[in-house]
Amino acid sequence: MMAEPVWMSYIGLITGAVGTVTGIYGAITGSKAIRLAATHKALDLRLKLEKALVVANSQLDEIPDLLRRATASRNSVLAAAGAFNSGTKQLWDRDLETDQAAIASLKSELETVHRYAAATTEVELAQGIGLVHALAIKISQLESKYTDTMVANDVARRDLEAARSR
């Protein structure tokens, strides 16, 4: 029977110690990487929220001018059709007032969403992004409504010109 060389036990001891140190270092590095990834994710969400807020505010700032142009277009078509003081005009004015109130409400809602930009958790940031996107959809619907109205007014204007030229 051969005796085990003494150096073999030292190699086992050194290998075990290196493995232990490597494992501990890996655990520390992994936990730092997880924290760093979470920080980067929060930063990315914060940037997305800020971008969405800028886009929504920009769209909302353009709406009053669109309403003014759509109203002028609508009034000129109604005047050309001889229906300026009609019920159609009154309905338009009522809808316009309702939409202006909706715009004011959207502005105030967007201002409250700004508090999410200072949020520290990913969940709060994601909620803020969701709220901004929901508000952006409402803004786009208003924008589409008045853009479509202006297109319809152009068609009505052409129809009136065609009827007069006959």
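Points to keep in mind about this one:
- Failed condition for residue 85, given (1) out of contact with any helix residue (DSSP H, G or I) (no Cβ under 8 Å at 6 or more places or on another chain); (2) part of a helix (DSSP H, G or I): (2)
- One residue stands out among those in region 94-133 that are loosely packed, with under 14 Cβ neighbours inside 10 Å and among the basic types (Lys, Arg): the one that is farthest from residue 44 (Cα to Cα), which is 94.
- Of all the residues in region 139-166, those that are basic (Lys, Arg) and either touching a residue at least 60 places away in the same chain (Cβ under 8 Å) or crowded, with 17+ Cβ neighbours inside 10 Å (or both) number 1.
- Residue match in region 81-89 (condition: among the aliphatic types (A, V, I, L, M), surrounded by 10 or more Cβ atoms within 10 Å (Cβ to Cβ) and over 30 Å from residue 133 (Cα atoms)): yes
- Selection status of residue 115, more than 18 Å from the chain's Cα centre (by Cα) and without any contact (Cβ under 8 Å) to a residue 60 or more places away in the chain: no
- For region 38-53, the tally of residues that are touching a Gly at 6+ places or on another chain (Cβ under 6 Å) and among the charged types (D, E, K, R) stands at 0.
- Restricted to region 51-99, and to residues there that are over 34 Å from the mean Cα position of the chain (by Cα) and in contact (Cβ under 8 Å) with a residue 40 or more places away in the chain, the residue that is farthest from residue 160 (Cα to Cα) is 76.
Quick note: the coordinates plus some simple rules give every number you see, no bench work behind them. Not measured: the values here are computed from a predicted model. Note that we place each Cβ from the backbone using ideal geometry, even for glycine, and neighbour counts take in every protein chain shown.
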